[in-house]
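Below is one structure, written out as structure tokens, with a few remarks after it.
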Amino acid sequence: MRFDQRVAMITGSGSGIGEGIAKTLSAAGVKVVINDLDDQKIERVVGEIKADGGTATGIRADVTKLDEVEAMYASIVREFGQIDILVNNAGIARDKSIRKMSEADWDAVIDVNLKGVFLNCKVASEYMRERNYGRIINISSRAWLGWPGQANYAASKGGVISLTRTLALELGKKGITVNCIAPGIIETALWHSLPEDAKARLLKAQPTGKIGSPKDIANAAAFFAADAAGYITGQTMFVCGGKSLFANLG
Ligand SMILES: NC(=O)c1ccc[n+]([C@@H]2O[C@H](COP(=O)([O-])OP(=O)(O)OC[C@H]3O[C@@H](n4cnc5c(N)ncnc54)[C@H](O)[C@@H]3O)[C@@H](O)[C@H]2O)c1
């Protein structure tokens, strides 16, 4: 699949899944914008994409701040003339039982994982409307089904699915599709930081016996981002090795 002439913004793409999505889209010919909070991460990913012959630019912005999000898209349109693909990937977790979860833990997770998606959709879709074309892909999580210790995270990711379905209805006639990916466990820095016994327990609960890689999520994102996926909107694709089939396995 080739996407020459398309321009994509991937939020939180300075590491992990977002980095994987940016590199996969770039390899397919997309001009990519790397957003993150961390300048060093942005520089590294932009440098690696350029070294591989891709076109990339970096923008530091906090997805929870409307003025920063507005400035980010204005800058993309100044540089590239358009925005075709938005991947809302930036996300955080502050896992705790509800007894220990503070108001600040709740607000921080809802702000980045849900409000950040809303703000990026709101601003980017205005530019997409002008050209009657857009592909919005929101990264939810298998955890939206519910998981102990993740009240804030699961609620934010469930909210992302409701937001996706609603925007698919609002934006469909403007040529803009809005879809969701719900990843299961993906091998990022977070996975490697887990104790060995926790990893073994999680692996045991995987129907496929293995965890996913950022590339697995990137392949699904590239599918939704393609011109050819224009009749698919408001959908959530689980990319979790079948774990969503057994929501109660530990
Ligand atoms: N890794 C997994 O197993 C997994 C599973 C399901 C869903 N997800 C989701 O996938 C997405 C990416 O996760 P990851 O594992 O790659 O995490 P990660 O921590 O490696 O990457 C997230 C990036 O987002 C950036 N970020 C955080 N807050 C931001 C903000 N306010 N503005 C801009 N950037 C910000 C971080 O600096 C970081 O580089 C998240 O939405 C996460 O919830 C991950």
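3J(HN,Hα) along the stretch 90-102: 3, x, 9, 10, 9, 6, 7, 5, 4, 5, 9, 6, 8 Hz, from the Karplus curve 6.51 cos²θ - 1.76 cosθ + 1.60 with θ = phi - 60°, whole Hz, x for Gly and Pro.
Report note on the peptides 15-28, 75-88: ranked by the mean count of other C-beta atoms within 10 Å, highest first, their order is 15-28, 75-88. Strictly over 25 Å apart at the Cα level, which of Lys115/Lys210; Lys122/Lys157; Lys100/Lys243; Lys31/Lys157; Lys23/Lys210; Lys157/Lys243 would you flag in this model? Distance filter (> 25 Å) returns Lys115/Lys210; Lys100/Lys243; Lys31/Lys157. Within the shell of other residues whose beta carbon sits under 13 angstrom from the beta carbon of Arg135, the net charge comes to +1, with Lys and Arg scored +1 and Asp and Glu -1. For Thr55, the residues whose amide H sits under 5 Å from its own are Val32, ignoring neighbours fewer than 5 places away on the same chain, with H placed 1.01 Å from N.
For Ile92 and Ala228, what is the calculated FRET efficiency with R₀ set at 30 Å and r taken between the beta-carbons, to the nearest 0.05?
Values: r = 33 Å, r/R0 = 1.10.
The formula returns an efficiency of 0.35 here.
Applied to the stretch 196-209, the Karplus parametrisation 6.51 cos²θ - 1.76 cosθ + 1.60 on θ = phi - 60° returns per-residue 3J(HN,Hα) values of 4, 5, 5, 5, 4, 5, 5, 5, 4, 8, 8, x, 8, x Hz, with x for Gly and Pro.
Remark on Val239: its backbone amide H falls under 5 Å from those of Ala182, Gly184, a criterion applied only to residues 5 or more positions apart or on other chains, H modelled at 1.01 Å from N. Taking the C-alpha atoms only, the angle from helix 214-225 to the longest principal axis of the chain is near 50 degrees. Cα centroids of the stretch 198-250 and the stretch 152-187: 14 Å apart.
Separation of the stretch 48-88 from the stretch 96-133 is 17 Å, based on Cα centroids.
Compared with the direct C-alpha span, the chain from Thr208 to Lys50 gains 53.4 nm at full extension, assuming 0.36 nm per residue. Summarising the label geometry, the points placed 7 Å from Cα in the beta-carbon direction at Ala74 and Met1 lie 3.3 nm from one another.
Here's how it looks for Glu187: its modeled amide H is under 5 Å from those of Gly212, Ser213, which are all 5 or more places away or on a different chain. Using θ = phi - 60° in the Karplus curve 6.51 cos²θ - 1.76 cosθ + 1.60, the 3J(HN,Hα) couplings for the stretch 130-142 round to 4, 10, 6, 7, x, 10, 10, 10, 9, 8, 8, 6, 4 Hz; x is entered for Gly and Pro.
No value in this document is a laboratory result; all are computed from the given coordinates. Every value quoted in this text rests on a predicted model; they were computed, and no experiment measured them. Quick reminder, even Gly has a Cβ in these numbers, built from the backbone with ideal geometry, and neighbours come from all protein chains shown.
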